Amino acid sequence: MNVERSLRITLGLLSCLGTLMLAVGEGSVGLAAAAIVVGVIAYVACDVFHFALTGFWSNLATLVVLLLAAWQANAMAAEERILAMADLMAYLQFVLLFRAKTARNLWLIALVSFLQVAVASALNTGLGFAVALLIYLFTGVLFLGQFFLYRERRRFDDAAEAARRALADGRNAFIGGAQDEKEGRRSSREFSRRMTGMVVGTVALAAFFFVAVPRLGQSAWMTNQIVGGRTVGFSEQINLTRSGQIAEDPDIVMRVHFKNPETGAPFNPAGELYMRGTAVTRYGEGRWQRPHSNLISRDGPPQLTRLATGRGVVEQHVTIEPLSSSTIFSCYPAFRAGETSELDYHRWLLQLNRSERSKSQRYTYTVLTPAFHLEGEQAVVLPGEQAKIIPIIDDNATADRRRTGAEPSIPAELLKPFVGVASVPALAGLQAVALDVVRNIPPDDVYQRAKALEDHLRNSGGYSYSLTPEERPSDIDPLEDFVVNRRRGHCEFFAGALAMMLRSVDIPARIVLGYRGGEWNAVGNFYQFRQLHAHSWVEVYLTPMQVPLNKLATPDLRRFANENGAWLQLDGTTSNTSADLATTTSTWYQLRQTVDYLQFLWNNYVLGMDALRQRDEVYKPLLNNVVATFKRETNRDTWKARVAEIYETVVPYKLQNSNLPTAVLSAALIVLALLLVFLVVRRSGAPAGGSAAIEKRSAASSPTVDFYVRLEAVLGRRRLVRTADQTQSEFIQAACGELAELPETRAVAILPRKIVEAFYRVRFGKRALEGTQQAEIEQALLKLDAVLNGSPAKA
Amino acid sequence: MLRRLHHMSICREGVLYLGVMAFMLTAAVVRQINLLMVLYGVLAGPLLLSWRLVRWTLKKVEPARQAPKTVFAGESFTVQVSLSNGRKRGGSFALHVRDELKRRGSSEPNVAAETYFSFVPAGETRTATYRGSLKRRGIYDFQPLKVSSRFPLGLLKTMLRFDRPARLIVFPAIGRMSSAWRRLLTSEDQATPVQRQARAALDGEFYGLRDWRPGDGRSRVHWRTSARRQTLTVRQYERRRHLGFALVVDLWRPEKPSPEDLARVEQVVSFAATLLSEACRGGDQPLVVDVIAATPRKLRASASPNALHEALRVLAGVEATSDDRLSKSLAELFGELRPQMGAILVSTRAVDLLDREKFSALHCVPELHHRVARTPCLTPDDLLWRETFAGAPP
């Protein structure tokens, strides 16, 4: 394995990769290109043609790059000067690549590369950075391993050279040698395998440390990765006049767990979900805005006790990411989950808000809703489907009407700009289309007229969904242009057009902003909503007389609707069915889903890891898992069931009730138990066999043979140790010879021979020593130890 | 073979690495940047894995050493070290084996040697050698073999120690006896009284006459017989080597010896070794060697390679003494010697054996007195020493 050559190539890759990662984070194409070009040139010049910058030229080059970095920093804003520092590291690396590749320079290049990656980690937060980091990790570990081998060899060669000089000077010295056998591909392969194993292990350990190290507070990075375009996402107003390509933002907004509050079991809604945010009612010059209304309850949504029965109520457990708006989302009608609520609730807009302070943090809240038809009783809807009619729960309004006897009033702005006028010139075409759609439906059948208009936009085929902006003339209202001319647009156009068409036929309507659809995660049993799921739809106000009560599941809902009316949910946005099918079944879509999921994991469990998530997603589930496993495994019933299952599997059905299988099973269990006991006892060293065998073994391991062990210990303290290829006799013979050499030990040189003779009698002749013989041996040992080591032999 | 896990330690690079890790962790926690936490994990992984791998690298690795039993001082020798990897899978990279030699009874630092094994595959053995020389004679003990590794990243180091006791005896350096010494041994007429004494100690009794052969010295020519026979005739002596000789080596040094004193001791030992080497090369003759040292040693043998080996072993381990035991030792030795056996005394100090006061024990017995008179005494300062003995080449 040519370590040096491999090392230089790996270092070149490492340095290029580090600078590339930094360049991508900065968005600097020039730096990225320079990294590749300089890396290639440096390798060819220095490693192929053995060019190297001398001290003077490298110092000069260093000075130039310092000045360049200073000039760049001067031109940047204060908060961007860290980029100039990072660029300086890249430039220094370029200079180092052209210097002689000493061990020190190699280490410097690697260190500078790593620092660039550290800076890049503060700039890059995308999934691509994770992939690049993996590649960098592999290259880095490979470099460190090769660098180590290179330095070890150099260290050894330097020591050998020093020894050579010492020998030449006449001093005692030894010149060390490297192994004689040369290794080639075999060692390279094994080395590569070892490094790859290290990378895999590092990834696993990095994941463990990342998850296990406790977080204090929240993550500081949650950047929007799309640059240069408008994003689809929740907004509290609509501006139909904005231009620019709309990019779908895959950032996660919230996750919703639905549960049965009584049993805690997960609830999986059917059909499409609509998570309602807020409503906009005022339209003008292509903009929809919220009304001026102060009907805010600081106590949160109504209490559940308002419902006569809790049947059909579903718990929504929502975790919402930091957003620029304090609006939060729910299926409606919504009820408070506990006695108190820290949410603000707008009764008329049906809007829930969190505090301004909490909107920049990940926030979790629980809201109850009877919006799902759990049992389908008295309702012509599918079980599990979200209700499209939201009764208005307003006790104050109810009390007022009871007192005054008045009917529920229709807010005027729900009919603007058609309030008081038969038509609006700017929307004449729109109104004409609406009138045409509803001409055959009686005017008092508001429900059917609304549904007809919805159907016209959604299913007639005359309108198509597109995020690509259309060139709309500025002198025509955008909604008018959408309905009459360019019938292509996104959900805001569909919702706006539907709302206007409804108002034009005297049906009060408003636009609702929220999220639709979401992604069901079967593993976590939750719905996940991204920014790209943001949606607009329409709500129509139905008076109590106009509400089709048979579409409400429970008496409570019907009661509320009867008192104050209800909001009918309409969604006029056409679905791009063919495109959907194409995307959901194509390989590219599947791949994109996988990447999206990885991106989700990256965003939520890496970038978004904070104390709360760590506690909820890591510590608590782990603890719960451990506790549950412990309880399950220590539960007698669990084991009984397992044994019964094994019994039924093993024993044929016909024999299951007879005594034979029980007897056989019992016998097998007894044999197994005995075998287990035997193995345990044997392993613990207890002797097997009869008393004679025990006695025989005792003779061999009894103190009468222990004296030989002691003899070896005594001699061992004088560095006389028996080697593996020596018998006891040979060893003692050699030891005696050694002892006879020295005058101070000559007198006791004969003693080991006497002791080993006794050993052979006992060990192989199987004759135990008599008492006097044992005493003699003991004396000999003591004397030997006293002479050899100056201390009595330890028993 | 006793094997103990010596210790695992963190290298300097590991300390720096820990510093970078600590910085990364601090920055991640303080700034709440999760990606820095990722980088911290990426740094922590290799360190932890290094800890496991560096221990595993030495698992079931056994060294062995093949070294000579004896060498001469200053002589270059090699020691072969082999490493066996007893594992079934997984080779070991970057292994260092450190071997040390410690001179017995000396406080000098150990002489170390290191061999490097870049890769030892599983189930195989690799060898390396180191070479060098030891300048001083003595008995050297091989210290436990230390096998260490810093694989894979050089952040941690682990070392295993293997007790593999072995001994290396470094014999005194062998010089050469010059031709002057040999001529001195063969020429009666040219000898000074001292030289004659020295020669007499080595020459034997008159045996007979024979024809002159090339190589015979002029001193051996029997002129009367040559004149009568009209051909050169030389005396032939019974080789004293059959009678042997006694060599007394007096290794005396002052209480606080200077480096020069110690150098003299080494010179004397080297001389004795060289002389014995020459004597044993000559063939079978009795030898008596009496070393007056810290631990007096006596050797009686017939000149042979085995005897030389034994003598060199003795000379390798002897240490000088400040006790003056020369008179007593000589009295004992001369009392044991056969009359025909000559004796030579080599000493680190100038000795006048004719000093009756100092060597009264020798002079009071007539036989001993005669022997003393014809026993030459050589010291490193003597002209004869310089003329006849060339020390070992550096």
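The values are calculated or read from the model by the stated rules, or taken from the named source; none is laboratory data. Everything quoted here is computed from the prediction, not taken from an experiment. Cβ atoms come from the backbone with ideal geometry, glycine included; neighbour counts cover every protein chain shown.
Key figures
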| read-out | value |
| --- | --- |
| Wholly within the range A:394-487, helices (runs of 4 or more DSSP H) carrying at least 2 residues that are at pLDDT 90 or above and closer than 29 Å to residue A:333 by Cα | A:446-459 |
| Residue A:169 more than 7 Å from chain B (Cβ to nearest Cβ), among the acidic types (Asp, Glu) and within 21 Å of residue A:103 (Cα to Cα) | no |
| Residue selected from the range A:465-477 under the condition surrounded by 15 or more Cβ atoms within 10 Å (Cβ to Cβ) and more than 43 Å from the chain's Cα centre (by Cα), by the criterion farthest from residue A:503 (Cα to Cα) | A:472 |
| Matching option when the condition is of a type outside the set (A, V, I, L, M, F, W, C), in contact with a Leu (Cβ under 8 Å, 6 or more places away or on another chain) and at the interface with chain A (Cβ under 9 Å from one of its Cβ atoms), among B:14, B:45 | B:45 |
| From the options A:129, A:156, A:148, residue that is of a type outside the set (Asp, Glu), in contact with a helix residue (DSSP H, G or I) (Cβ under 9 Å, 6 or more places away or on another chain), within 10 Å of chain B (Cβ to nearest Cβ) and under 30 Å from residue B:125 (Cβ atoms) | A:148 |
| Members of the range B:135-177 found to be under 16 Å from the mean Cα position of the chain (by Cα), within 10 Å of chain A (Cβ to nearest Cβ) and not in a strand (DSSP E or B), listed by number | B:135, B:136 |
| Members of the range B:302-347 that are in a helix (DSSP H, G or I) and under 16 Å from residue B:359 (Cβ atoms) | B:326, B:327, B:328, B:329, B:330, B:331, B:332, B:333, B:334, B:335 |
| Search result, residues across the range B:88-98 that are crowded, with 17+ Cβ neighbours inside 10 Å and more than 8 Å from chain A (Cβ to nearest Cβ) | B:92, B:95, B:97, B:98 |
| Residue in the range A:213-224 that is more than 8 Å from every other protein chain (Cβ to nearest Cβ), outside any loop (DSSP other than H, G, I, E, B) and either surrounded by fewer than 17 Cβ atoms within 10 Å (Cβ to Cβ) or modelled with pLDDT under 90 (or both) present | no |
| Some residue of the range A:326-347 being at pLDDT 75 or above, of a type in the set (Val, Ile, Thr) and under 28 Å from the mean Cα position of the chain (by Cα) | yes |
| Some residue of the range A:267-274 being surrounded by 16 or more Cβ atoms within 10 Å (Cβ to Cβ), assigned to a loop (DSSP other than H, G, I, E, B) and modelled with pLDDT of 85 or more | yes |
| Condition check for residue B:68: part of a loop (DSSP other than H, G, I, E, B), over 26 Å from residue A:205 (Cβ atoms) and either in contact (Cβ under 8 Å) with a residue 12 or more places away in the chain or among the basic types (Lys, Arg) (or both) | yes |
| Residues that are farther than 18 Å from residue B:382 by Cα and in contact with a Phe, Trp or Tyr (Cβ under 7 Å, 6 or more places away or on another chain), drawn from the range B:331-348 | B:341, B:342 |
| Residues of the range B:360-394 classified as without any contact (Cβ under 8 Å) to a residue 40 or more places away in the chain and within 14 Å of another protein chain (Cβ to nearest Cβ), total | 0 |
| Residue among B:27, B:44 that is touching a helix residue (DSSP H, G or I) at 6+ places or on another chain (Cβ under 7 Å) and over 22 Å from residue B:150 (Cα atoms) | B:27 |
| Residues of the range A:764-785 satisfying the condition of being in contact (Cβ under 8 Å) with a residue 12 or more places away in the chain and farther than 15 Å from residue A:710 by Cα | A:766, A:768, A:769, A:773 |
| Any hit, the range B:351-359, residues being in contact (Cβ under 8 Å) with a residue 60 or more places away in the chain and touching a Ser or Thr at 6+ places or on another chain (Cβ under 8 Å) | yes |
| Which numbered condition residue B:76 misses (of (1) of a type in the set (S, T, N, Q); (2) without any contact (Cβ under 8 Å) to a residue 24 or more places away in the chain; (3) within 11 Å of chain A (Cβ to nearest Cβ)) | (2) |
| Any hit, the range B:81-92, residues being in a strand (DSSP E or B), touching a Lys or Arg at 6+ places or on another chain (Cβ under 6 Å) and of a type in the set (Gly, Ala, Ser) | no |
| First in the range B:111-134 and at the interface with chain A (Cβ under 7 Å from one of its Cβ atoms) and part of a strand (DSSP E or B), second anywhere and of a type in the set (Lys, Arg) and surrounded by 22 or more Cβ atoms within 10 Å (Cβ to Cβ), Cβ under 9 Å, 6 or more apart | B:117/B:126; B:118/B:126; B:119/B:126 |
| Breaking point among (1) under 27 Å from residue A:532 (Cα atoms); (2) surrounded by 14 or more Cβ atoms within 10 Å (Cβ to Cβ); (3) under 46 Å from the mean Cα position of the chain (by Cα), for residue A:414 | (1) |
| Hey, residue A:121 in contact with a helix residue (DSSP H, G or I) (Cβ under 8 Å, 6 or more places away or on another chain), of a type in the set (S, T, N, Q), facing another protein chain (nearest Cβ under 10 Å) and within 29 Å of residue A:194 (Cα to Cα) or not | yes |
| Evaluation of residue B:98 against (1) at pLDDT 90 or above; (2) not in a strand (DSSP E or B) (one fails), failing number | (2) |
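Conditions tested, residue by residue: (1) away from every other protein chain (no Cβ under 11 Å); (2) surrounded by 14 or more Cβ atoms within 10 Å (Cβ to Cβ); (3) over 60 Å from the mean Cα position of the chain (by Cα); (4) without any contact (Cβ under 8 Å) to a residue 24 or more places away in the chain.
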{"position": "A:707", "(1), (2), (3), (4)": "yes, yes, yes, no"}
{"position": "A:718", "(1), (2), (3), (4)": "no, yes, yes, no"}
{"position": "A:724", "(1), (2), (3), (4)": "no, no, no, yes"}
{"position": "A:728", "(1), (2), (3), (4)": "yes, yes, yes, no"}
{"position": "A:733", "(1), (2), (3), (4)": "yes, yes, yes, yes"}
{"position": "A:738", "(1), (2), (3), (4)": "no, yes, yes, yes"}
{"position": "A:752", "(1), (2), (3), (4)": "yes, yes, yes, no"}
{"position": "A:757", "(1), (2), (3), (4)": "yes, no, yes, yes"}
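Listed here are the residues, each with its yes/no results for (1) more than 25 Å from residue B:138 (Cα to Cα); (2) surrounded by fewer than 21 Cβ atoms within 10 Å (Cβ to Cβ); (3) of a type outside the set (Lys, Arg); (4) assigned by TED's automatic domain parsing to the domain that holds residue B:140.
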residue: B:291; (1), (2), (3), (4): no, no, yes, no
residue: B:297; (1), (2), (3), (4): no, yes, no, no
residue: B:303; (1), (2), (3), (4): no, no, yes, no
residue: B:320; (1), (2), (3), (4): no, no, yes, no
residue: B:329; (1), (2), (3), (4): no, yes, yes, no
residue: B:336; (1), (2), (3), (4): yes, yes, yes, no
residue: B:358; (1), (2), (3), (4): yes, yes, no, no
